[in-house]
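Inspection log for the structure reproduced underneath, given as structure tokens.
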Amino acid sequence: MQARLAADAIPRSKKRNSWIRTIQKYKVMYILLFPALLYFAIFKYIPMAGIIIAFKNYNLALGLWDSPWVGLKNFTDFINGVYFWDIMRNTIIISLYKLLFGFSAPIVLALLLNEVYTQWFKKIVQTITYLPHFLSWVIVYGLMVALLAPGDGLFNMILKESGVQPISFLTEPAWGRLLVISSEIWKDIGWGAILYLAALAGIDPSLYEAARMDGASKWRQLWHVTLPGIRGVIILMLILKLSHILDAGFDQIFMFANSFNQEKIDIIDTWVYREGLERLKIGLATAVGLFKAVIGFILVLAANKIAKKFDGQIW
């Protein structure tokens, strides 16, 4: 028995010494990594203790620990609520449209820019397309008002001059989702393309030369060389996007929504804002946040499983 314990102790001692040697060898990197770990520990992991609010009837006067437990009541109230299916439908539709068009648009832009050989023109296009990313949604909505306002918006003034009846783009429900999706694509297409352009720069030029020698057209080169070369980045970004599938963009929707188009663009986050902050139903708001996080976690695992199956990589 003692011999067996001694035998087990030797590998553990070796592993511990190996771990210490690794830290000593890469101590500079660990020191550089420490602030990031500290940030995630303080602002990401420690606040996760607040998840218990989802299972309580939280009262500000009683505090976190003394508020009464209600179990799954907050979850059932949300699912059985009058607006549940409306906000879920809006959230899923807007998120899927953003995933379909907003995810592919930067890839298309990066592929187009990759074929531009005039460097000054390429830089101008890149600058023009990624600058909107730094604008807040307040400014973007202000631009939308200047362009699309029913009375003195630029587009409606052009329509009036053409003898066409002005259109209330910002208030008609039929235009709500289109404006939300198109404005996000315009805002983030250039910023998202930067990552794909970096991936395209890493493709070996000899692959294109070999493809041309084999008689491959531009489309064949795109399909057999370019897209496989950035496949890993595309899969990684898709997994990250799926983790936020129910985050349809609170800041954007909060600015664009009004009493006229709210029925088409009201999402989970804006509903949580009204219920949690305006009506102080903090337990219900926390439960909905946990509900979203669980769905995002499941989707990430599923996407990772599919990525491993088709690409043989673990992200």
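The values are calculated or read from the model by the stated rules, or taken from the named source; none is laboratory data. Computed from a predicted model, the values in this text were never measured in an experiment. Neighbour counts are summed over all protein chains in view; Cβ atoms, including those assigned to glycine, are modelled from backbone coordinates with ideal geometry.
Counted as qualifying within segment 13-99 are the helices (runs of 4 or more DSSP H) with 2 or more residues that are of a type in the set (F, W, Y), namely 27-40, 73-79, 84-97. Among the residues of segment 218-232, are any of a type outside the set (A, V, I, L, M, F, W, C), without any contact (Cβ under 8 Å) to a residue 24 or more places away in the chain and not in a helix (DSSP H, G or I)? Taking every residue of segment 218-232 in turn, none turns out to be of a type outside the set (A, V, I, L, M, F, W, C), without any contact (Cβ under 8 Å) to a residue 24 or more places away in the chain and not in a helix (DSSP H, G or I). Candidates W186, W271: the one that is in a helix (DSSP H, G or I), at pLDDT 85 or above, among the aromatic types (F, W, Y) and farther than 30 Å from N57 by Cβ is W186.
Exactly one residue among I235, I194 is assigned to a helix (DSSP H, G or I), surrounded by fewer than 18 Cβ atoms within 10 Å (Cβ to Cβ) and touching a residue at least 24 places away in the same chain (Cβ under 8 Å), and that residue is I194.
The condition (being more than 22 Å from A193 (Cβ to Cβ) and either of a type in the set (D, E, K, R) or part of a loop (DSSP other than H, G, I, E, B) (or both)) is satisfied by just one residue among F254, F260, F291: F260. Against the test of being under 22 Å from I52 (Cβ atoms) and hydroxyl-bearing (S, T, Y), the options T286, T226 yield a single qualifying residue, T286. If I filter segment 198-215 for residues that are out of contact with any helix residue (DSSP H, G or I) (no Cβ under 9 Å at 6 or more places or on another chain) and either touching a residue at least 12 places away in the same chain (Cβ under 8 Å) or in a loop (DSSP other than H, G, I, E, B) (or both), do I get at least one hit? Yes; the residues of segment 198-215 include at least one that is out of contact with any helix residue (DSSP H, G or I) (no Cβ under 9 Å at 6 or more places or on another chain) and either touching a residue at least 12 places away in the same chain (Cβ under 8 Å) or in a loop (DSSP other than H, G, I, E, B) (or both). Anything in segment 60-87 that is without any contact (Cβ under 8 Å) to a residue 24 or more places away in the chain and either touching a Gly at 6+ places or on another chain (Cβ under 9 Å) or among the hydroxyl-bearing types (S, T, Y) (or both)? List them, or say none. Correct list: L64, K73, T76.
Scanning segment 243-285 for residues that are polar (S, T, N, Q) and surrounded by fewer than 20 Cβ atoms within 10 Å (Cβ to Cβ), we see that the one that is nearest to W85 (Cα to Cα) is Q262.
Of the residues in segment 100-140, how many are under 30 Å from A257 (Cβ atoms) and in a helix (DSSP H, G or I)?
Taking segment 100-140 as the starting set, the residues that turn out to be under 30 Å from A257 (Cβ atoms) are 100-109, 128-140.
So of that shortlist, the ones also in a helix (DSSP H, G or I) come out as 100-109, 128-134, 137-140.
So the answer is 21.
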